[in-house]
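Student: Before anything else, here's the structure in question.
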Amino acid sequence: MYKALYRKWRPLSFDDVISQPHITSTLRNQVCTGKTAHAYLFTGSRGTGKTTCARILAKAVNCPNAENGVPCLSCDICRDADKGTLSDIIEIDAASNNSVEDIRDLREGTVYMPERCRCKVYIIDEVHMLSPSAWGALLKVMEEPPAYVKFILATTEIHKVPATIISRCQRYDFRRIRTEDIAARLSFIAAEEQITLHEDAALLIARISDGGMRDAISLLDQCAAVSDEITSAVVSESAGTAGRDALFDIIDAVTDGQAAKALEVTGELHRCSKDMSRLCEELTEQLRNIMLLKAGCSKNELLSCMPDEMERLAAAAKKMSMEDILSHTAALQDCRERMQRSPNKRIELEMALISLTMPKPKAVQAAVQPVQQIVQPAVSRKTEPVQQERQESGQPQKKLRPEDFKPVEQWADILEEYRAVNPAVSGSLAESSAFVNGGYMLIVTKNRFFLTLLKNRENAQSLGETVKRIMGREYKILGKCNEESQQESMAQNLIQKAINSNIETAVE
Ligand SMILES: Nc1ncnc2c1ncn2[C@@H]1O[C@H](COP(=O)(O)OP(=O)(O)OP(=O)(O)O)[C@@H](O)[C@H]1O
Ligand SMILES: [Mg+2]
Ligand SMILES: [Zn+2]
């Protein structure tokens, strides 16, 4: 029968466990000096060696020939343990045995001495799945276990484990496994299995698996099933990852502001059945590489890219500002999160890409730009609210000089307070900034709707009152919508077009 590679290559001893030296050496030492704990808690992300180490530790404490804390692997106890037929090592999958009855059974079992071993070891996997009453029962056994009983709890979700349990355990945090370490292990396994695995393919698998060894070996398995020679193209194909060039094409299109091109490449990938979530993740990861290069870090172990990608990454880093890189990364991460809830992942990604190709409508920018650029259009072109205010108050038409406007430092405070007064108007002021000149306050916002809202007397009044409360004096309020907002609505149109036209809105 075919045995999955990751099971076949589960380390049987501490020496074969990679990337967790802080854990394996401590455990070995404990076994060696006979100072093992009664209860352990192994936590950390998927496929990092928790179950593996639990099994090794259970063997190590029981192997009569253990040397330096390492089980011999050849005695009956070690061999039966590896076959899973040793009755004194009891593995419980809490995902399917999570009731209080299950734990009561366990508790009853603890009263019997081990049959063949020194210690009776209970390995409770996925322990976070226990029901509340099961936790209570477990706590009871853990409070006063017989001397020969040991517990090893394993979980990916430590935050779901009650503090009363955690405090009774020695806790070990398993790290994500470094890309290079995964790749090296994959190469080793491939060699043993007589699979041809290209170096860049091993790295690609490692990157995709995000620190989890099981996923990495499974993907290797999957690739080996489709081809005798595993290249990065085979990996991309099997994992549904984007062709590496396509990633750069999208990033270049984003940098050059070519929304259509970015959508085109994405559409092509979609047609080839590429997974949109994966694509989003890969884009994020390339941006991270670009960010590291931009920050002057070229350490190979921090970057996660193919050797032959360095040049294109460096070129991208040169072209992009750090500000853009950071905001793009954040936007893609948001997108990835939305994708999890969205019925149409493709549209989520497309919207994100389009927004990335837009020049940024940043209030921050407005605040640091010379006031001139902002104010001038307000007084020359876009003047409805100004006029209105003036006519109403009957004030003389004083000439407003741009350089006399000063940014309002308390603007954030004003917005904060005004949110409680009028959420609608305050909402239209997201990413806005304000400037004052004499008795005038000019509010620059990217949301055109604010101008409409401001024409309403009550709105204008309540805003004026809040301003007065915080600034200590009255201002005539003028509103202006800055240019970027038009591009925003262009983006909106483009998205709408995309949705309406060639793009099928199939549910993925
Ligand atoms: N540190 C490691 N060194 C070598 N191989 C590892 C390591 N961690 C995991 N593996 C490989 O991945 C497989 C799964 O590992 P294991 O069952 O120990 O993961 P886990 O941490 O318990 O994951 P999960 O939380 O998903 O149960 C093993 O069979 C082994 O092939
Ligand atoms: Mg496990
Ligand atoms: Zn042994």
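The values are calculated or read from the model by the stated rules, or taken from the named source; none is laboratory data. Computed from a predicted structure; not experimentally measured. For neighbour counting, all protein chains shown are included, and Cβ atoms are generated from backbone atoms with ideal geometry for every residue, glycine included.
Student: I need the full set of residues from the stretch 171-183 which are in contact (Cβ under 8 Å) with a residue 60 or more places away in the chain and not β-branched (Val, Ile, Thr), in order please.
Tutor: Arg171, Tyr172, Asp173, Phe174, Arg175, Arg176, Arg178, Glu180, Asp181
Student: Report the residue count in the stretch 188-235 for those that are among the polar types (S, T, N, Q), buried (at least 19 other Cβ atoms within 10 Å of the Cβ) and closer than 24 Å to Ser45 by Cβ. I'd like the intermediate steps shown before the answer.
Tutor: Residues of the stretch 188-235 among the polar types (S, T, N, Q): 194, 196, 209, 218, 222, 227, 231-232.
If we keep only those that are buried (at least 19 other Cβ atoms within 10 Å of the Cβ) too, we end up with 209, 232.
Okay, now just the ones that are also closer than 24 Å to Ser45 by Cβ, so 209.
Total meeting the criteria: 1.
Student: Within the stretch 45-67, which residues are outside any loop (DSSP other than H, G, I, E, B) and either more than 16 Å from ligand 1 (Cβ to nearest atom) or modelled with pLDDT under 95 (or both)? Steps first, please.
Tutor: First pass over the stretch 45-67, keeping only residues outside any loop (DSSP other than H, G, I, E, B): 50-62, 67.
If the condition is that a residue be outside any loop (DSSP other than H, G, I, E, B) and either more than 16 Å from ligand 1 (Cβ to nearest atom) or modelled with pLDDT under 95 (or both), then Val61, Asn62, Glu67 are the ones that fit.
Student: Taking interchain pairs and intrachain pairs at least six residues apart, which have beta carbon atoms under 6 angstrom, with the first residue in the stretch 77-96 and at negative phi and the second assigned to a helix (DSSP H, G or I) and not hydrophobic (A, V, I, L, M, F, W, C)?
Tutor: Pairs found: Ile77/Asn62; Cys78/Lys59; Ala81/Lys59; Leu86/Asp80.
Student: Within the stretch 131-143, does at least one residue satisfy the condition of being away from ligand 2 (no atom under 16 Å from the Cβ) and assigned to a loop (DSSP other than H, G, I, E, B)? Write out each step before concluding.
Tutor: Step one: list which residues in the stretch 131-143 are away from ligand 2 (no atom under 16 Å from the Cβ), which gives 131-143.
Still in the list and also assigned to a loop (DSSP other than H, G, I, E, B): 131.
Among the residues of the stretch 131-143, at least one is away from ligand 2 (no atom under 16 Å from the Cβ) and assigned to a loop (DSSP other than H, G, I, E, B), which makes the answer yes.
Student: Would you point out which residue out of Met142, Met129 is crowded, with 16+ Cβ neighbours inside 10 Å and touching a His at 6+ places or on another chain (Cβ under 9 Å)?
Tutor: Numbers: Met129 fails: touching a His at 6+ places or on another chain (Cβ under 9 Å).
After ruling out the rest, the residue left standing is Met142.
Student: Sticking with this structure for a sec: Please find, among Ala58, Ala81, the residue that is touching a helix residue (DSSP H, G or I) at 6+ places or on another chain (Cβ under 6 Å), within 30 Å of Ala191 (Cβ to Cβ) and within 16 Å of ligand 3 (Cβ to nearest atom).
Tutor: Working: Ala58 fails: touching a helix residue (DSSP H, G or I) at 6+ places or on another chain (Cβ under 6 Å).
Checking each option against the conditions leaves just Ala81.
Student: Give me the residue from the stretch 145-170 that is under 14 Å from Ile90 (Cβ atoms) and of a type in the set (Val, Ile, Thr) and, out of that set, surrounded by the most Cβ atoms within 10 Å (Cβ to Cβ).
Tutor: Across the stretch 145-170, the extreme among qualifying residues is Ile152.
Student: Let me ask something else. One residue is enough: does the stretch 100-116 have a residue meeting the conditions closer than 27 Å to Arg214 by Cα, part of a loop (DSSP other than H, G, I, E, B) and within 16 Å of ligand 3 (Cβ to nearest atom)? Before you say what the answer is, go through the steps one by one.
Tutor: The initial filter retains those residues of the stretch 100-116 that are closer than 27 Å to Arg214 by Cα, namely none.
Scanning the stretch 100-116 turns up no residue that is closer than 27 Å to Arg214 by Cα, part of a loop (DSSP other than H, G, I, E, B) and within 16 Å of ligand 3 (Cβ to nearest atom).
Student: Against the definition (farther than 15 Å from Leu353 by Cα, of a type in the set (Gly, Ala, Ser) and under 20 Å from the mean Cα position of the chain (by Cα)), how does Ser304 come out, yes or no? Can you show your working first?
Tutor: Working: farther than 15 Å from Leu353 by Cα: yes; of a type in the set (Gly, Ala, Ser): yes; under 20 Å from the mean Cα position of the chain (by Cα): yes.
The answer is yes for Ser304.
Student: Suppose we filter Ser25, Ser19 for residues that are in contact with an Asp or Glu (Cβ under 7 Å, 6 or more places away or on another chain), within 16 Å of ligand 1 (Cβ to nearest atom), farther than 18 Å from Ile123 by Cα and of a type in the set (Ser, Thr, Tyr); which single one remains?
Tutor: Working: Ser25 fails: in contact with an Asp or Glu (Cβ under 7 Å, 6 or more places away or on another chain).
Step by step, each of Ser25, Ser19 is checked, and only Ser19 is in contact with an Asp or Glu (Cβ under 7 Å, 6 or more places away or on another chain), within 16 Å of ligand 1 (Cβ to nearest atom), farther than 18 Å from Ile123 by Cα and of a type in the set (Ser, Thr, Tyr).
Student: Further question on the same structure: Cβ contacts < 8 Å: first residue assigned by TED's automatic domain parsing to the domain that holds Ser432, restricted to the stretch 403-420; second residue surrounded by fewer than 14 Cβ atoms within 10 Å (Cβ to Cβ) and of a type in the set (Gly, Ala, Ser), any location; separation 6+ or different chain. Result?
Tutor: Asp404/Gly438
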